[in-house]
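The values are calculated or read from the model by the stated rules, or taken from the named source; none is laboratory data. All values derive from a computational prediction rather than experimental measurement. Because the Cβ atoms are built from the backbone with ideal geometry, glycine has one as well, and the counts that use them run over all protein chains shown. Keep in mind that these areas ignore ligands, DNA and RNA; they rest on the heavy atoms of the full protein, side chains included. Shrake-Rupley method; radii C 1.70, N 1.55, O 1.52, S 1.80 Å.
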Amino acid sequence: MTKLPEPDQILNDTIALLREGLPEPLSTITLENVVVGVFFTGVKLSNGYGGICFTPVDLIPEAVCCTTAASAMPYCGNLQGVSLEKILTHISSPAPLVRAVLISIVNALSAWYLDICPEGTYQIEENKDAFDLVDEIDPNKPVVVVGALWPVIHRLKQRGASYRIFELNQSALREDEMPFFVLPEQQDSVLADAGCVVMTGATMVTGTTEVLLSRIPEGVPVIIGGPTVSMIPDILFEMGVTAIGGDIVTDPDSLLTTIMQGGSGYHFFGKSAKKILIRKV
């Protein structure tokens, strides 16, 4: 039997790499500001770096009840000034909002790391979307899309490319997409014939990235995109990911104001954040 990866292995191992590579201990860096917006969650660190993650509102059934949600966010109302060493002790929390904040922190630390890492460690292209790589895939080989990724699905439709969709919530699919929906018990056989797998960093919040990657046959290209996966790619590459596309926060204060006011990517791309594509060298 194949051994399944450890839960949150990507986050834990990535944090370990950041600890080793960054010039200051995480105990000396604090949270300067945290915003949990409707669409995105963002942080600004005391060293000036910012990070972002999608806000998993649909994963919070207790959102309708303040009393049951009260314990879900540690230090709520007092996050400013909390050291990263302390807040990262909650990395195994199952609470979606906590995970969104923690992933935002990892992404902010990664932005710092990418600024100082040796040249040549990664191939980084600015203002490029990872999902554009779908155009390079052989249209005769089915692309497995994990989640109802409308930009990717729309692109595949326009190309007349073959595709299949893995999605927990079938109601998120359009009527003409339902024939391409794959039942859970059929997914492994579909992955065996895939020309490429495309997924979003949202799986980091749900804690399903590791299991998904472990099921993909060796040699099948894997593209992960979205602001949530704006982290150093070492561990993701080790697990078979081909390319990741995230976002570097260029103006944390402006970004946090935007997402605080209900802003989405359309409001901050090219203004307070820029897209990056990272591939293996």
Cα lying deepest toward the dipole's positive end in the chain, options PRO179, THR208, SER189, charges on Cβ: PRO179
At q = 0.15 1/Å the base-10 log of I(q)/I(0) from the Debye formula over the alpha-carbon atoms of the chain is -1.17
Between GLU85 and SER214, with labels modelled 7 Å along Cα→Cβ, what's the label distance in nm to one decimal, could you check? 3.2 nm
Using a 10 angstrom cutoff on alpha carbons, build the Gaussian network for the chain and name the most mobile of TYR163, TYR266, TYR122. TYR266
Student exercise, region 176-231 dipole from Lys, Arg, Asp, Glu Cβ charges, in Debye to nearest 20: 220 debye
Set of lysines with alpha-carbon distance to LYS271 below 17 Å, sequence-local pairs under 8 removed: LYS44, LYS128
Cα-centre dipole for the chain with unit charges at Cβ (Lys and Arg positive, Asp and Glu negative), debye to 20: 320 debye
In what order, largest first, do MET260, MET73 sit by accessible area if the probe radius is 1.4 Å? MET260, MET73
Within 10 Å, count the other beta carbons around each residue, average over each peptide in 134-145, 16-27, 82-93, and list them highest first. 134-145, 82-93, 16-27
May I ask you to rank PHE131, PHE268 by accessible area, largest first, using a 1.4 Å probe over the protein chains only? PHE131, PHE268
Classify region 46-202 as rounded, prolate or oblate from the Cα gyration tensor: take a ≥ b ≥ c as the square roots of its eigenvalues, call it rounded if a/c is under 1.5, otherwise prolate when a/b beats b/c and oblate if not. oblate
Report the relative contact order of the chain, percent, no decimals, based on alpha-carbon pairs under 8 angstrom and at least 6 residues apart. 24 percent
Determine the per residue accessible area of the chain with all protein chains present and a 1.4 angstrom probe, expressed in square angstrom. 48 Å²
Work out, step by step, the length gained on full extension between THR206 and ASN140: first 0.36 nm times the residue separation, then minus their alpha carbon distance; give nm to one decimal. 20.6 nm
Starting from 0.36 nm per residue, how many nanometres of slack lie between ASP193 and ASP132 once their C-alpha separation is accounted for? 19.8 nm
So, relative contact order of region 65-165 in percent, Cα under 8 Å, 6 or more apart, is 18 percent
For region 167-226, listing GluC sites (Glu not before Pro) in a DSSP loop whose Cβ sees at most 10 other Cβ atoms within 10 Å gives GLU218
Beta bridges per DSSP with both ends in the chain, % antiparallel, nearest 5: 55 percent
Hey, any idea what % of the chain's accessible area is carbon plus sulfur with a 1.4 Å probe? 53 percent
Size of region 1-43 along its principal axes in angstrom, Cα-based, largest extent first? 45, 33, 12
So if we plug the beta-carbon distance of THR28 and ALA172 into 1/(1 + (r/R0)^6) with R0 = 45 Å, what FRET efficiency do we get, rounded to 0.05? 0.60
In whole Å, what is the distance between the alpha-carbon centres of region 229-243 and region 121-152? 14 Å
Label-point separation (nm) for SER92 and ASP115, each offset 7 Å from Cα along Cα-to-Cβ? 3.3 nm
